[in-house]
Amino acid sequence: MTDRERFLATMNYRSRDRTPFWFWGAWPETLERWQREGFDPDSFDLNMGADRRIAYSGWWQPQPPFEYRVVEEDEETILFINHEGILMRQRKDQPMSSMPQFVRFPVQTRADFRKFWAEHMTPDLEARIGPGWQEQLRAEREQPVPFIVISDRWGGFFGPLRNLVGVERLCELFYDDPAFVEEMMDANADLTIALMDQVLDVIDIDAFAFWEDMAYKTGPLLSPAMARQYMLPRYARVVEFLRGRGVEIIGLDSDGQIDPLIPVWLDAGLNMLYPFETQAGMDVLEVRRKYGKDLLIWGGVDKRAVAQGPAAIDAELARLRPLIEEGGYLPHTDHSFPPDVSFDNFRYYMEKMAEACGG
């Protein structure tokens, strides 16, 4: 089977030659550690036999991007405006994997939002993908791998609004100015439909994912009732459009403890979620028991087990074996590998995952 055939068979609970699995990436500091431990990026493929995929994730970014501008810096940190217009302070010693301090967001008022949206969020795919984007997509679609559109950081109805106004301000706006929240959500739904309408005129896709990151370790950042009131109608509108254009797998990316939100997403028509962060209490076996086969599951492999070594890796894969065998599940770690994972443990994990998936 090709990677795409295997993916579609697994997502539809059909027979396949083996279960597909994915490599989900590593932090920059992790790659630096692995190189010290013998990893040669010129001769070693970190995919190690994992299934391939095409995952477009940059279409929703502000375009044109904001100009990178340093505001101030000292020996330890740098304060700058990033490509999304956010003023943030970042550590110099771990610029890619440390959590920055968000100092100021680009939208303070309705006027700010309308200006931001008019100048940076137009559905111009030539600007967003590049000249000849139709030919580029057709050529990539011809590859025998799943073609997935991931609306990273700007396709959704909570996560993107965080980027505009910040988490605290957004949570206040649901009470202080809900009409403003709805204006921003509707604008994002319109943008998603406008972008995907053009894409689906050129190619078909195998899956689409919203991006939210709207939960922390012990629960959601927004109550399920408010998600149902404000977000569900916008999800449903986009889902209706996508399903009408032949997209069968429509899901969502959110870290944290998301279980209270899953019924809202299912009622909106979503049928796939990832990455199921285990340290936030998300157990993919329990999710399947609770929500059944209608919910497709990606992820949920505890990356902490990989850091602990072979015995923990074996135990984690044995724990997940019933789901791997059942179908409707695509295993990968619940986020990218942090630097406490050694190169030897990573290789052991990938080899054992291939075995567990029938390779």
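All of the numbers you see were taken from the coordinates with simple rules; none came from a lab. Everything numeric in this text was worked out from a predicted model, so none of it was measured. No Cβ is skipped: glycine too gets one built from the backbone with ideal geometry, and neighbour counts run over all protein chains shown.
Things to note:
- Sites excluded, chymotrypsin sites (Phe, Trp or Tyr not before Pro) in DSSP loops with at most 15 other C-beta within 10 Å, longest stretch of the chain: 69-215
- Burial ordering of Ile203, Ile86, fewest other beta-carbon atoms within 10 Å first: Ile203, Ile86
- Taking GluC sites (Glu not before Pro) across segment 66-166, the ones in a DSSP loop with at most 10 further Cβ atoms lying within 10 angstrom of their Cβ are Glu67, Glu75, Glu76, Glu142.
- Dividing the mean sequence gap of close Cα pairs (under 8 Å, 6+ apart) by how many residues segment 93-189 holds gives a relative contact order of 30 percent.
- Sequence-distant contacts, meaning Cα pairs under 8 Å at least 6 residues apart, place the relative contact order of the chain at 20 percent.
- Rounded FRET efficiency, nearest 0.05, which uses the C-beta distance separating Ala318 from Phe44 and R0 of 25 Å: 0.35
- Two tests apply to each whole DSSP H helix in the chain, Cα reach of 30 Å or more along its axis and mean Kyte-Doolittle hydropathy of at least 0.5, and the ones passing both are 178-202.
- Candidates Leu296, Leu317, Leu173: whichever shows maximal mean-square fluctuation once the chain is modelled as a Gaussian network with Cα springs under 10 Å: Leu173
- Thr122, Thr333 arranged by Cβ crowding within 10 Å, fewest neighbours leading: Thr122, Thr333
- Order of Met226, Met185, Met99, Met353 under a 10 Å beta carbon neighbour criterion, fewest first: Met99, Met226, Met185, Met353
- Cα convex hull of segment 1-154 - mean projected area over all directions, nm²: 13.3 nm²
- Applying a DSSP loop filter and a limit of 16 other Cβ atoms within 10 Å to the trypsin sites (Lys or Arg not before Pro) in segment 62-128 leaves Lys92.
- Long-range Cα-Cα pairs in segment 228-286 (distance over 16 Å), rounded percent: 45 percent
- Gap separating the Cα centres of segment 284-325 and segment 240-259, nearest whole Å: 21 Å
- The orientation-averaged shadow of the Cα convex hull for the chain, equal to a quarter of the hull surface, comes to 18.3 nm².
- The H on the amide N of Ala26, modeled in the peptide plane, is under 5 Å from the matching H of Phe337, each at least 5 residues off or on a different chain.
- Separation of segment 127-166 and segment 1-73, taken as the distance between their Cα centroids, equals 15 angstrom.
- FRET efficiency for Gln229 and Thr109, using Cβ-Cβ distance with R0 set to 41 Å, rounded to 0.05: 0.95
- Two-decimal log10 I(q)/I(0) for segment 312-359, as the Debye equation yields it once each C-alpha is a single scatterer, q = 0.20 Å⁻¹: -0.70
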